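Step one of this worksheet: look at the structure below.
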Amino acid sequence: MNKRTFFLIGLLLFSFIVSQQSIAANSAPSNSIRTMATILNFLNHYPGDEEKKKLKKIANNNKATMQERTIASAMLNLQHSATEGDKRKLSKIISDNSASAGSRDLAKIIKNLNHKPSSADKKMLKNYMW
């Protein structure tokens, strides 16, 4: 084989490795998503005092994404279900393709929440908890 063939094979391998690392990095949930998924998984009607402290930290954390802060605020306002105002904000996150999959999934769960997450919701939440 000539140099050009080796170069192309090397370039393809390098591209493959970089793309796999990028996919893995983008699919790992943030600490905020992990925390909120855990709280949601065990939620019963509304978050307790300890959960509210964690949610307030996320809602006020400038390092969290705007979507994560919005979700945390919606969770703080939960009283058996999300408020109408929060549902509108969550709908925007759900339709935002630039939002992480975790943010979109949590937004869907909270928007449709009725007292506690469904069994299907809990299966999805487990993907983000660990």
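One table, with the values for the structure above:
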| quantity | calculated |
| --- | --- |
| Any chance residue 55 is part of a helix (DSSP H, G or I) and either out of contact with any helix residue (DSSP H, G or I) (no Cβ under 6 Å at 6 or more places or on another chain) or under 16 Å from residue 128 (Cβ atoms) (or both) | yes |
| Members of the stretch 79-130 that are among the charged types (D, E, K, R) and surrounded by 14 or more Cβ atoms within 10 Å (Cβ to Cβ) | 86, 87, 89, 96, 104, 105, 108, 111, 116, 121, 122 |
| Qualifying residue in the stretch 70-81 (condition: modelled with pLDDT under 95, over 17 Å from the mean Cα position of the chain (by Cα) and at positive phi) | yes |
| Failed criterion for residue 73 (all others in (1) out of contact with any strand residue (DSSP E or B) (no Cβ under 9 Å at 6 or more places or on another chain); (2) of a type in the set (S, T, N, Q); (3) in contact (Cβ under 8 Å) with a residue 12 or more places away in the chain; (4) loosely packed, with under 13 Cβ neighbours inside 10 Å hold) | (4) |
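The values are calculated or read from the model by the stated rules, or taken from the named source; none is laboratory data. Predicted model, so just to flag it, every value in this text is computed and none were measured. Don't worry about glycine lacking a Cβ; one is built from the backbone with ideal geometry, like all the others, and counts go over all protein chains shown.
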